[in-house]
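The structure under discussion appears below in the form of C-alpha cells.
The values are calculated or read from the model by the stated rules, or taken from the named source; none is laboratory data. Please read all numbers here as calculations on a predicted model, not as lab measurements. Every residue, glycine as well, gets a Cβ built from its backbone with ideal geometry; the counts of neighbours run over all protein chains shown. Accessible surface is based on the protein model in full, side chains and every heavy atom, while ligands, DNA and RNA are left aside. Shrake-Rupley method; radii C 1.70, N 1.55, O 1.52, S 1.80 Å.
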Amino acid sequence: CRKQQLPPLATYPSRRGDDKYFERIVETYILVATLIATVTFSATFTMPGGYNQSDGIALKGHHVAFQIFVISNTVAMCSSIVVVFCFIWAWQDPVRFKVDQLLWGHRLTVIACLAMLVSLMTAVYITVAPASRWPAYVVIAIGTSTPAVVVLMLGKEVIFVPV
C-alpha cells in the first residue's frame, strides 16, 4: 500500500472573481437574514408567558429572563434587517461591496443567529422553568454549547466571509 501512487489532489477554480458565486453568497445572506427577521418579528407578538387579557401587558415582563429575551430578540431583528438592506444595496456597486460590506453582513448575520439562540433559551426558560426546571436547564446547556460546536467544526472560518 505504501508504494502505490496516490491520485492527485483535485484543484478547484478560484471563486474570487466569479460574479455568479458572489450573487449566490448575497442571495443566501438575504434569505437567511429575512428568515431571522421573520422569526424574531413573530416572536415579538407571541411573547413567552403570554399577555394579560385586560391591559395587553406581558405577564412575565418583570422577570430578568424576559428582559433578556426582549433585548436579544431586538438585536436579532435589527441585525438581520441591516443585513437585508446591506445586501440589497450591494447590487448598486458589487465590486466595492465585495471589499467593504460583505464582512459586515457576515458578522451581523452571525450576531443575529447568536441573539436568536439567546432568545430561544430565555423563552424556554420563562415558559418551562416554573413547572419543571431541568428541561429548561437542558435547553440552556444545549444552547450555550451550540456556538462552541460551530467553532469546533468551522474554526476561525465562522468569523470570516467564505469567499
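Details
- Condition check for LEU114: at pLDDT 85 or above, under 16 Å from the mean Cα position of the chain (by Cα) and open to solvent by 60 Å² or more (accessible area, probe 1.4 Å): yes
- Once the stretch 1-45 is narrowed to residues that are loosely packed, with under 10 Cβ neighbours inside 10 Å and at pLDDT 80 or above, the residue that is nearest to PRO130 (Cα to Cα) is PHE45.
- Residue tally, condition closer than 19 Å to THR74 by Cα and open to solvent by 90 Å² or more (accessible area, probe 1.4 Å), over the stretch 46-58: 2
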